[in-house]
Amino acid sequence: MTVIRTLPEAREQRSKFSRLALVPTLGALHAGHLSHIEHARKHAPHVAVSIFVNPTQFGPREDFTKYPRPIEEDLAKCEAAGVELVFNPPVEEMYHGGAPDVVVDVPALSSVLEGKHRPGHFKGVCQIVAKLFNILTPNVATFGQKDFQQLRIITAMVEALDWPIEIIPVPTLREPDGLAMSSRNQFLSSDERQRALSINRGLMQAKQLVAEGVRQTNRLLATMQHTLLDVGHLGRIPVSIDYVAAVDPTTLKPVESVTGPTVLAVAARVGNTRLIDNVVVEPPH
């Protein structure tokens, strides 16, 4: 496995490979990331992982400075997974001092849901992904369905800019109790983690309602919200909801009825940790 930290090194090493799959990450790798590597390998003979905590996608009150950076553990996991190339640049390598600030935006998709609650977040995401695509020129790249809006925006960006890159969606990997895997889960106390299970529980209850014939999304959203706020014996742990939503998977616009594939999405803070999750539902045939 080769670890590279500069753009010239990245381009030199990239030239040694034919078809390349890229797994972009912020680091703090867990089993979900390893599933990305497995999916990537199915689509290309060579796999690269980028590990970069990108400052432009963090808001002023977000956790950029405390975001976990266990680089040695991450590199060991990449090597064990058979990754051939790891791109781990310092911030100054990706954002040169004095360089003009160029951003890519997909406003129709980035101003809702996460974009509404984290202004500028997706500009930063698109900026760093565009840079990685230009530096490493992958043939395919993986993005997780847990970050459904990000997956949709990156797919739209690639289509709009005519990049010859195939975006591979990777299903959400969950803990045995249903909690979606996330690097932020490590910030949860044991009680907060139990409280966080209400996110998945609400999504699963709404999914069951759809299977039973419920089509009105206001009923689904009310069920999800009620489950999130049903404090039970862990009532001392605060949960604040940023949104519960039912949206079209292509336009990300709200829908009033489940007539086809529909994304049910949640963002909530459990204690001080912000978590997101979603599930795609559709009427039974």
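A compact table of results
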read-out	value
Close pairs (9 angstrom Cβ cut-off, 6 or more residues apart or separate chains): within 19 Å of Lys131 (Cα to Cα) and charged (D, E, K, R) in region 6-33, in a helix (DSSP H, G or I) and open to solvent by less than 40 Å² (accessible area, probe 1.4 Å) anywhere	Arg11/Ile135; Arg11/Leu136; Arg14/Ile135; Arg14/Leu136
In region 236-285, the residues that are in contact with a helix residue (DSSP H, G or I) (Cβ under 9 Å, 6 or more places away or on another chain) and of a type in the set (Gly, Ala, Ser)	Ala245, Ala246, Ser257, Ala265, Ala267, Ala268, Gly271
Checking Val129 against (1) open to solvent by less than 60 Å² (accessible area, probe 1.4 Å); (2) more than 14 Å from Gln150 (Cβ to Cβ); (3) at pLDDT 95 or above, the condition it does not meet	(2)
Residue match in region 170-185 (condition: out of contact with any Lys or Arg (no Cβ under 8 Å at 6 or more places or on another chain), closer than 18 Å to Phe58 by Cα, of a type in the set (Lys, Arg) and touching a residue at least 12 places away in the same chain (Cβ under 8 Å))	no
Single condition His226 does not satisfy, out of (1) within 17 Å of the chain's Cα centre (by Cα); (2) more than 16 Å from Pro249 (Cβ to Cβ)	(1)
Criterion (at pLDDT 95 or above, exposed (fewer than 15 other Cβ atoms within 10 Å of the Cβ) and at negative phi) met by exactly one of Glu159, Glu166	Glu159
Scan of region 82-92 for residues that are surrounded by 14 or more Cβ atoms within 10 Å (Cβ to Cβ) and either closer than 14 Å to Ser183 by Cβ or of a type outside the set (D, E, K, R) (or both), ordered by number	Val83, Leu85, Val86, Phe87, Asn88, Pro89
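The values are calculated or read from the model by the stated rules, or taken from the named source; none is laboratory data. Quick caveat, the model's predicted, so the values are computed rather than measured. Neighbour counts run over all protein chains shown; Cβ positions are idealised from the backbone, glycine included. For accessibility, only protein heavy atoms count, side chains too; no ligands or nucleic acids. Shrake-Rupley method; radii C 1.70, N 1.55, O 1.52, S 1.80 Å.
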